[in-house]
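The structure appears right after this line, and notes come after that.
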Amino acid sequence: VLKEKKYKYVNLSLGPRLAIDDDDVHVWTSVLDSLLQDGSCLATVAIGNDGELKGEYARIQPPSDMVNCFAIGASDSQSEEWSRAPYSCIGPGRSPGLIKPDGVMFGGSNSELFKVYSPLTHQIIGTAGTSYAAPFALRVAAGIDAITNFDLKPSTVKALMIHHANSTGGELREVGWGRMPTTPEEVIECLDDEAIIVYQGDLYPSQHVRIPIPVPDNIDCTWVHLKATFCFHTITDPEHPLHYTRSGLDITFRPNEARYKTTKQGHSDTKTFFSDKNLYPTEEELRDDAYKWETCISREARFKKTTLKKPSFDVKYHNREQGGTTPQNRDREPIPYSLILSIRAKGDSTVYNKVLQQNRTLQAVNIVNRIEV
């Protein structure tokens with residue numbers, strides 16, 4: 001079915017019941033990852049229900065360790081007071097892809113069951129499992145696509161959901177980026193003092209792209225809150241588990257166009273936006289890779305308005321040289337990427353309109369109102 005490339009959205013609530021192994025890529029993972037690497041399909045995958053086992057046995061199960069999938073765990077409640085469901089497996093995933101699950105959705109628990117229709121009894125029954133959380137997440141993802149008038153890439157839909165995840169319910173290895181939104185409207189609609197910008201495209205090896213961060217000139221605030229989420233699909237190399245992906249993004253943040261320019265010596269005064277010491281065990285690894293090979297990265301930070309002068313992200317596509325051989329020209333294929341960018345000036349409700357007025361190349365994404373039955 002996946003080889004036919006007919007479906008933009010797919011859910012997998014099945015797989016081998018065993019924890020992933022860093023030293024060996026399971027055949028389910030490697031084969032499915034290769035089918036999803038062109039970025040034409042968004043696949044949600046349940047991470048497994050052995051989270052109550054001890055040690056490594058509680059780790060996520062194949063094929064949810066794919067770097068090109070959307071791995072979903074389960075939360076125990078739909079209320080504001082939520083946490084990881086005890087049965088939901090935990091991370092980390094393999095490197096790259098350390099942040100697994102990508103997020104959680106309500107999957108039911110002993111105190112609050114997941115309600116489904118039973119065709120056997122013709123009644124609504126209660127159940128629980130990550131197998132229900134994953135299609136719940138896919139329903140929201142497909143809904144985002146359905147209510148917008150823009151051709152969103154699967155990586156863009158995934159990035160939008162991660163960008164709006166609520167991370168207050170648990171540790172990174174338990175809930176990933178957090179609990180995903182439960183309706184498409186939560187993802188698409190901005191706050192009153194916020195503008196959300198979507199960038200999507202394709203990057204070729206060694207290509208360099210400068211992505212502007214359209215902070216308006218005359219916003220009324222002292223601090224500007226920026227949040228950015230990058231997602232991309234990548235070519236995989238199962239013969240080299242230590243370096244499982246063959247491509248990555250080198251992302252540089254330039255807060256001031258006038259100040260951060262390349263000098264005659266070839267150096268530039270730039271800042272690191274994406275870095276997290278929790279992801280890498282040593283400072284040396286943090287310096288060398290700094291998120292480069294992760295296929296999904298998200299971070300927010302605040303900056304004084306006076307320090308931001310035509311800020312931008314410089315993005316470069318890198319290829320790994322290590323690993324097994326690949327078919328001819330495979331490493332020359334582009335990777336689809338998406339960037340979700342939030343610009344928030346607390347208290348200034350004119351931000352959205354100012355961004356549109358000062359950036360004529362941006363298009364407003366219109367929303368189709370849904371009829372609730």
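In this structure, Q37 qualifies as at pLDDT below 90, closer than 23 Å to T234 by Cβ and among the polar types (S, T, N, Q). Hey, among the residues in region 179-199 that are surrounded by 21 or more Cβ atoms within 10 Å (Cβ to Cβ) and not β-branched (V, I, T), which one's farthest from S83 (Cα to Cα)? The selected residue is A195.
Consider region 1-50 and keep the residues that are of a type in the set (V, I, T) and in a loop (DSSP other than H, G, I, E, B). The one that is farthest from S95 (Cα to Cα) is V1.
Take I196 and tell me if it is in a strand (DSSP E or B) and not aromatic (F, W, Y). Yes. Restricting attention to region 313-339 and to residues that are at pLDDT 85 or above and farther than 23 Å from N256 by Cβ, the residue that is farthest from the chain's Cα centre (by Cα) turns out to be P336. Checking each residue in region 52-63 for being crowded, with 24+ Cβ neighbours inside 10 Å and touching a Phe, Trp or Tyr at 6+ places or on another chain (Cβ under 9 Å) picks out only P63. Is it the case that I235 is at pLDDT below 90, aliphatic (A, V, I, L, M) and under 23 Å from L36 (Cα atoms)? For I235, the condition - at pLDDT below 90, aliphatic (A, V, I, L, M) and under 23 Å from L36 (Cα atoms) - is met. Considering S167, S155, the condition of being among the small types (G, A, S) and at pLDDT below 90 is satisfied by S167 alone. The residue of region 155-172 that is nearest to G55 (Cα to Cα), among those that are free of Cβ contacts under 8 Å to residues at least 24 places away in the same chain and in a loop (DSSP other than H, G, I, E, B), is E171. Residue count for region 21-33, restricted to those that are out of contact with any strand residue (DSSP E or B) (no Cβ under 6 Å at 6 or more places or on another chain) and in contact (Cβ under 8 Å) with a residue 40 or more places away in the chain: 6. Consider region 7-24 and keep the residues that are out of contact with any Lys or Arg (no Cβ under 6 Å at 6 or more places or on another chain) and at pLDDT below 90. The one that is most open to solvent (accessible area, probe 1.4 Å) is D23. Considering only region 99-134, state which residues are in contact (Cβ under 8 Å) with a residue 40 or more places away in the chain, in a loop (DSSP other than H, G, I, E, B) and open to solvent by 30 Å² or more (accessible area, probe 1.4 Å). Passing the criteria: only A128. Each residue in region 214-234 was checked for being surrounded by 21 or more Cβ atoms within 10 Å (Cβ to Cβ), outside any strand (DSSP E or B) and either of a type in the set (S, T, Y) or under 20 Å from the mean Cα position of the chain (by Cα) (or both), and 2 pass. Can D202 be described as open to solvent by 10 Å² or more (accessible area, probe 1.4 Å), farther than 18 Å from N11 by Cα, part of a loop (DSSP other than H, G, I, E, B) and acidic (D, E)? Criteria not met by D202.
For region 82-98, filtered to residues that are modelled with pLDDT of 90 or more and open to solvent by 50 Å² or more (accessible area, probe 1.4 Å), the residue that is farthest from Y57 (Cα to Cα) is P86.
Can you tell me which residues in region 38-51 are among the polar types (S, T, N, Q) and buried (at least 24 other Cβ atoms within 10 Å of the Cβ)? Result: T44, single match.
Let's see how each residue does on (1) open to solvent by 50 Å² or more (accessible area, probe 1.4 Å); (2) on the phi > 0 side of the Ramachandran plot; (3) without any contact (Cβ under 8 Å) to a residue 24 or more places away in the chain; (4) not polar (S, T, N, Q):
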| position | (1), (2), (3), (4) |
| --- | --- |
| V140 | no, no, no, yes |
| N149 | yes, no, no, no |
| K153 | yes, no, no, yes |
| E174 | no, no, no, yes |
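The values are calculated or read from the model by the stated rules, or taken from the named source; none is laboratory data. Note that this is a predicted model, so its numbers are computed, not measured. Glycine gets a Cβ as well: all are built from the backbone with ideal geometry, and neighbour counts include every protein chain shown. These accessible areas exclude ligands, DNA and RNA; they are computed on the full protein's heavy atoms, side chains included. Shrake-Rupley method; radii C 1.70, N 1.55, O 1.52, S 1.80 Å.
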